[in-house]
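To start, the structure under review is shown below, and the notes come after it.
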Amino acid sequence: MSFFVLILLFAGLGILLGYAAIRFKVEGNPIVDQIDAVLPQTQCGQCNFPGCRPYAEAIANGEADINQCPPGGEAGIAALADLLGVEAKPLNEENGVEATTLVAVIDEDVCIGCKLCIQACPVDAILGAPKQMHTVIESECTGCELCIPPCPVECITMEPIAKTLALWQWDKPDAPSERKAS
Amino acid sequence: MKLWRFNGGLPSLAEHKNESVNLPIEVATVPHQLIYPLRQHIGNAAASLVNVGDSVLRGQKIADAQGLISAPIHAGSSGTVTSIADHLIPHPSGFSAPSITIETDGLDNEIVPTPCTNFRELSISALVDIIREAGIVGLGGAAFPTAIKLDNQSRSRHIETLILNGAECEPYISCDDRLLKERADRVIEGVEILLHMLGAKQAILAIEDNVPDTFTAIQTAVENNHNSAITGVQIPTIYPTGGEKQLIKTLTGKEVPSGCIPADIGIVSINVGTVHAIQQAVIEGKPLTSRIITVTGEGVTKPHNLEVRIGTPIQHLITFCDGYTKHAERLIMGGPMMGFALLNDEIPVVKATNCILVASQHEAITSKQAMPCIRCGLCASACPATLLPQQLYWHSQSEQLEKAEKLNLFDCIECGCCDVVCPSHIPLVQHFRYAKSALKVQKHEKHLSDIARERFESRETRLARDKAERAERSRKKKAALKSKPAKEEIDAAITRSKQKKQSNEIGEN
């Protein structure tokens, strides 16, 4: 008797679990989204993957290390290490060095309107038409520098972003001096 | 009247009021040059209405508000606009920002103001417009456009209590006190205008108990006015009782919830200097072109309370006060607790400037060598915003800024009480200022990266769609070529063209 009760109980639980697996199915890999949220979205490809999301997927699959993103820098690596529960490590120098974000500026007198930079821009931040002057939408530019190599007339330069009051930062005070051991 | 006590604060902070509190307000001379940064209020910078070479009169609007949270700027004296360019602004960053410079002509010609005899005849929206057009912002230091606070009709808020902030808690500063002593009648008239506009039941004018003669002056003015809704109240002198939230707690016992404004709990609080400016704008028809400031400290020969034209370079005021003494060490705008150091004295007085402190070495709060936090908790008992400074410090210095934000870092009013009581001399407020500004930058970067992600993903989708469409088109073409009806069509076309050719040949023959 109790045997049948157990059979019924397990069958019931099995159905319940089976239903839950369908009803609450997680679409995609949530860890990829979490990693992607930490990455700076520069889409520069310095990590050797074609964009931040592909890099996130590679990290999730164990195909890439966490120290391949120069725009994210040390802070980005620390955040990834924190998220994935691994040790932080210094940035892989083969991928590049951490630098301040710049924006691309097109010298409009030199531009011949070839459209090559538009095709290269990963975030559609360049505006233009064939044989018309092109220009960079500054607020959308991530500073990935991918538009520079394709330009046949070398009219694109990277410029520093103008400092604004709204984004000015106070200096961080020095850490307190440690007490000397007596 | 029953009073409440806010958490912590510094009851025994050296006030340093004696240097300037007994000096009557003097009118400063008009300088040769007036400089107007286009952003001297919270919100959008004003947009210039004048060009280089234009001549302007006192009271003429030279820059207009941009958007709702903004304020116009008016010329402080007559003269010629000599430049509209970047000039050093009073800001801790030491940045320059677009400013209008006027070379004064010494005539001080004014646009003739149109006084108002009875403000009660004006509609409330007309009064709000007058205050907005007069360029009035909070003169206590925050410089928030006042018209927005008073525009209640469009927001269907119910305001119960109007608080007039005459609690000048910061050491050294005495400009509001002198204003109340000498021009109490005007302030009380301003209070009546505000009561009329807000429909509030009561107005409480709060003054610290270290200036009893000011309280007497206010009492007399209130009695002469016969308005039972207005009460003058003496409150205990505890720094920072003049903070908006601390004053509300002291007078009403209510606390403004985190992330809310006083109007959410039925209170509007306005600085008395602002009330004076409102009275001048509504009754006399004069826009905000001057204000009262205290010039004090051991670094200046003769401290003064001065009525100055906004835009006056600090240099000119120092000369008016007989110059620097040999003790002058640091130039501070605001008081010693919450003020900030200025790069030089070419920087102009703006609407929010209430004090120029020329500090000597011992007056300037010098940074002592910070020692490690010993977790004594004195900072938490002193914090008037009931925060946990030691925890905020812990998270700020270790760059765990989100944790600091969760502990309500943005409720910190940067009053400096924790700095004063800290036995390890940790510059806590400096850490909090850093953490706040770093968080703002991080949020901005997050916003940018969200935009970039979205644009990258839409581009990827578009490229994939284009590719799929191209593949689909070529597949259809190929399929069409292979399918029977197409073959028949082609065959038919070939036969047709053959026949045509033949018939042509026949015709030719």
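The values are calculated or read from the model by the stated rules, or taken from the named source; none is laboratory data. The structure displayed is predicted, hence computed values, not measured ones. Reconstructed Cβ throughout: ideal geometry from the backbone, glycine too, with neighbour counts over all protein chains shown.
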With the checklist (1) farther than 30 Å from B:Asp177 by Cα; (2) surrounded by 18 or more Cβ atoms within 10 Å (Cβ to Cβ) in hand, flag the one item B:Arg39 doesn't pass.
-> (1)
Subset of the range B:75-90, residues without any contact (Cβ under 8 Å) to a residue 24 or more places away in the chain and either in a loop (DSSP other than H, G, I, E, B) or not charged (D, E, K, R) (or both), comes to B:Ala85
Hey, among A:Ile77, A:Ile31, A:Ile66, A:Ile126, which residue is touching a residue at least 24 places away in the same chain (Cβ under 8 Å) and among the β-branched types (Val, Ile, Thr)?
-> A:Ile31
State all residues of the range B:343-362 that are buried (at least 22 other Cβ atoms within 10 Å of the Cβ) and away from every other protein chain (no Cβ under 14 Å); if no residue qualifies, say none.
-> B:Ile347, B:Pro348, B:Val349, B:Lys351, B:Thr353, B:Asn354, B:Cys355, B:Ile356, B:Leu357, B:Val358, B:Ala359
Would you say B:Ser437 is under 27 Å from B:Gly335 (Cα atoms), hydroxyl-bearing (Ser, Thr, Tyr) and facing another protein chain (nearest Cβ under 8 Å)?
-> yes
Please go through the range A:147-158 and pick out each residue that is closer than 21 Å to B:Leu448 by Cα and surrounded by 21 or more Cβ atoms within 10 Å (Cβ to Cβ).
-> A:Cys147
Could you tell me which of the residues B:Thr214, B:Thr237, B:Thr231 is closer than 29 Å to B:Ser381 by Cα, over 22 Å from the mean Cα position of the chain (by Cα) and not aliphatic (A, V, I, L, M)?
-> B:Thr237
Exactly one condition in (1) out of contact with any Asp or Glu (no Cβ under 6 Å at 6 or more places or on another chain); (2) under 20 Å from B:Ser77 (Cα atoms) is not met by B:Ile130; state its number.
-> (2)
Are any of the residues in the range B:281-300 outside any strand (DSSP E or B), free of Cβ contacts under 8 Å to residues at least 24 places away in the same chain and of a type in the set (D, E, K, R)?
-> no
Scanning the range B:402-429 residue by residue, those crowded, with 20+ Cβ neighbours inside 10 Å and part of a helix (DSSP H, G or I) turn out to be B:Ala404, B:Leu409, B:Cys417, B:Cys418, B:Asp419, B:Leu428, B:Val429
Please enumerate the residues belonging to the range A:113-136 that are loosely packed, with under 15 Cβ neighbours inside 10 Å, part of a loop (DSSP other than H, G, I, E, B) and either of a type outside the set (A, V, I, L, M, F, W, C) or modelled with pLDDT of 90 or more (or both).
-> A:Gly113, A:Asp124, A:Pro130, A:Lys131, A:Gln132
Determine if the range B:335-348 includes at least one residue that is of a type outside the set (Val, Ile, Thr) and at pLDDT 95 or above.
-> yes
Which condition breaks for A:Ala11 when tested against (1) in contact with a Lys or Arg (Cβ under 8 Å, 6 or more places away or on another chain); (2) over 23 Å from B:Ala452 (Cβ atoms)?
-> (1)
Go through the range B:91-131 and give me each residue that's outside any strand (DSSP E or B), under 27 Å from the mean Cα position of the chain (by Cα) and either surrounded by 15 or more Cβ atoms within 10 Å (Cβ to Cβ) or of a type in the set (Val, Ile, Thr) (or both).
-> B:His91, B:Pro92, B:Ser93, B:Gly94, B:Ile124, B:Leu127, B:Val128, B:Ile130, B:Ile131
Hey, A:Ile77 within 19 Å of A:Pro122 (Cβ to Cβ), within 14 Å of another protein chain (Cβ to nearest Cβ) and in a helix (DSSP H, G or I) or not = no
Look at B:Gln369 and say whether it is surrounded by 14 or more Cβ atoms within 10 Å (Cβ to Cβ), at pLDDT below 95 and within 14 Å of chain A (Cβ to nearest Cβ).
-> no
Filter result for B:His447 (over 30 Å from B:Ser12 (Cα atoms) and either at pLDDT 90 or above or more than 13 Å from chain A (Cβ to nearest Cβ) (or both)) = yes
